[in-house]
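**Student:** Below you will find the structure I want to go over with you.
The values are calculated or read from the model by the stated rules, or taken from the named source; none is laboratory data. Values in this document were obtained by computation on a predicted structure and should not be read as measured data. Cβ atoms come from the backbone with ideal geometry, glycine included; neighbour counts cover every protein chain shown. Areas reflect the complete protein model, heavy atoms only, side chains present, ligands, DNA and RNA absent. Shrake-Rupley method; radii C 1.70, N 1.55, O 1.52, S 1.80 Å.
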Amino acid sequence: MEFSLVIPIYNEADNLDLLYSRCKAILDRTFKDYEIILVNDGSKDLSINQIKKIAAQDSTVRYIDLSRNFGHQIAVMAGLDAAVGQTIGIIDADLQDPPELISPMYEKIKEGNEVVYARRKTREGETLFKKWTAGMYYRLLSSLTSIDIPLDTGDFRLIDQKILHVLKQMPEKNKFLRGQIAWAGFNQTYVEYDRAARHAGETGYNLRKMLRLAIDGITSFSNIPLKLVTYFGILVSLFAFFATLYVLYSIYIIKDFVPGWGSLLISILFIGGVQMIAIGIIGEYLSRMNQNILNRPLYIIKDSNLASTQKF
Ligand code: UDP
Ligand code: MG
């Protein structure tokens, strides 16, 4: 099969008809054979009835109905697990991502890229708060991590089967797909677009889900928060050291000293520093354990002429 399109759906009843007809039109024009995988992520509205109706009249449409709301990333993963296309697309159901873009994105796949993500030039219909926090967040994330997670992109993208294979080898439970795909490497490129406002309905991402995703992104791709405390510990210990020098200086050299505060200050700073460094050491071990528990592949071979290596 040439192409699979995965669409996570949470309370999108009013978008499904238009979504389906727009996707259908562009897929018919772009691919010989394809499948559309609709994943219902525990919608509370009538989305599932709509999905079943669409699937009943079109054999290219498959659907997965999850038992409850598991969240966007997991819903996408459920669709990816079922996808059999050579190339796989991920797109939102609310038509913020124009399905028509799939065609130019697929051109870039044919040029030899394994990942083509869609990068938003502008975003419409979203609150200033969301734009601002998202902008800040992606910049913070890229400064904390050593992999290049592209700025201003969501999960709208096309990936090659190889990338899907890598994703399936990443057993972590806290999914942050845009980071995991960046981590996978290979040739990645992007096309730019203007992000529209939602066609109908309202966002399924409340503040709690957004925070969850943000924290997953940082903790899955950076150990810096665990290590920060060591630096604070060293800083506090330096304070203790200079405070000691200052106390000795005032006692023995300028001989102007109010007894009591010196020993208090020094012991508080000293104990504080020792504790923070100790926590930092625990953090170092924890981050190693974390990496091992993640159990990601150590490396991914793109190509080789060794007979024994597994190639994609
Ligand atoms: N979504 C989902 N499960 C959720 C929340 C959202 O499957 O718990 C889907 C939703 O139907 C949409 C996509 O994920 O297709 C993006 O969600 P949304 O448009 O609500 O997020 P926003 O664009 O506001 O960030
Ligand atoms: Mg949306």
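**Student:** Report, by residue number, each residue of the range 49-65 that is open to solvent by less than 90 Å² (accessible area, probe 1.4 Å) and closer than 13 Å to I7 by Cα.
**Tutor:** I51, V61, I64, D65, listed by residue number.
**Student:** Restricting attention to the range 194-211, report how many residues are more than 10 Å from ligand 1 (Cβ to nearest atom) and within 18 Å of the chain's Cα centre (by Cα).
**Tutor:** Looking only at that region, the number is 3.
**Student:** Can you find, within the range 124-179, the residue that is modelled with the highest pLDDT among those that are within 16 Å of ligand 2 (Cβ to nearest atom) and of a type in the set (K, R)?
**Tutor:** Within the range 124-179, the match that is modelled with the highest pLDDT is R157.
**Student:** Since F70 meets every condition but one in (1) open to solvent by 50 Å² or more (accessible area, probe 1.4 Å); (2) of a type outside the set (S, T, Y); (3) away from ligand 1 (no atom under 13 Å from the Cβ); (4) closer than 20 Å to D155 by Cβ, which condition does it not meet?
**Tutor:** The number of the failed condition is (3).
**Student:** Give the residues of the range 73-89 that are within 14 Å of N40 (Cα to Cα), touching a strand residue (DSSP E or B) at 6+ places or on another chain (Cβ under 7 Å) and either β-branched (V, I, T) or open to solvent by 40 Å² or more (accessible area, probe 1.4 Å) (or both), sorted by residue number. Working first, answer last.
**Tutor:** First, the residues of the range 73-89 that are within 14 Å of N40 (Cα to Cα): 73-80, 82.
Keeping just the survivors that are touching a strand residue (DSSP E or B) at 6+ places or on another chain (Cβ under 7 Å) gives 75-76, 78-80, 82.
Hits for the range 73-89 are V76, A82.
**Student:** Quick one: what pairs do we get from the range 151-169, first residue charged (D, E, K, R) and within 16 Å of ligand 1 (Cβ to nearest atom), second assigned to a strand (DSSP E or B) and open to solvent by 10 Å² or more (accessible area, probe 1.4 Å), C-beta under 7 Å, 6+ apart or different chains?
**Tutor:** D152/R119; D152/R120; R157/Y117
**Student:** For the structure I just gave you, tell me whether I51 is out of contact with any Leu (no Cβ under 6 Å at 6 or more places or on another chain) and more than 16 Å from ligand 2 (Cβ to nearest atom). Step through it out loud before you land on a result.
**Tutor:** Values: out of contact with any Leu (no Cβ under 6 Å at 6 or more places or on another chain): no; more than 16 Å from ligand 2 (Cβ to nearest atom): yes.
No.
**Student:** I need the full set of residues from the range 193-241 which are in a strand (DSSP E or B) and either open to solvent by less than 30 Å² (accessible area, probe 1.4 Å) or closer than 23 Å to T145 by Cβ (or both), in order please. Give the derivation first.
**Tutor:** The first filter runs over the range 193-241 and keeps only residues in a strand (DSSP E or B), leaving 193-195.
Result: Y193, R195.
**Student:** Write out, first by first residue and then by second, each pair whose Cβ atoms fall under 9 Å of each other, whose residues are 6+ apart or on separate chains, and whose first residue, in the range 196-220, is on the phi > 0 side of the Ramachandran plot while the second is more than 9 Å from ligand 1 (Cβ to nearest atom) and open to solvent by 40 Å² or more (accessible area, probe 1.4 Å).
**Tutor:** G201/D14; G201/D45
**Student:** Turning to a different aspect of this structure: How many residues are surrounded by fewer than 24 Cβ atoms within 10 Å (Cβ to Cβ), more than 16 Å from ligand 2 (Cβ to nearest atom) and not in a loop (DSSP other than H, G, I, E, B) if we restrict to the range 5-35?
**Tutor:** Final tally of qualifying residues: 12.
**Student:** Of the residues in the range 79-111, how many are of a type in the set (D, E) and away from ligand 1 (no atom under 16 Å from the Cβ)?
**Tutor:** Looking only at the range 79-111, we keep the residues that are of a type in the set (D, E), and these are 81, 92, 94, 97, 100, 107, 111.
Next cut, away from ligand 1 (no atom under 16 Å from the Cβ) only: 100, 107, 111.
Counting residues in the range 79-111 that are of a type in the set (D, E) and away from ligand 1 (no atom under 16 Å from the Cβ) gives 3.
**Student:** Which of the residues spanning the range 36-48 are open to solvent by 70 Å² or more (accessible area, probe 1.4 Å) and touching a Pro at 6+ places or on another chain (Cβ under 6 Å)? Let's see the steps before the verdict.
**Tutor:** Here is the first cut: in the range 36-48, the ones open to solvent by 70 Å² or more (accessible area, probe 1.4 Å) are 44, 46.
Matches in the range 36-48: none.
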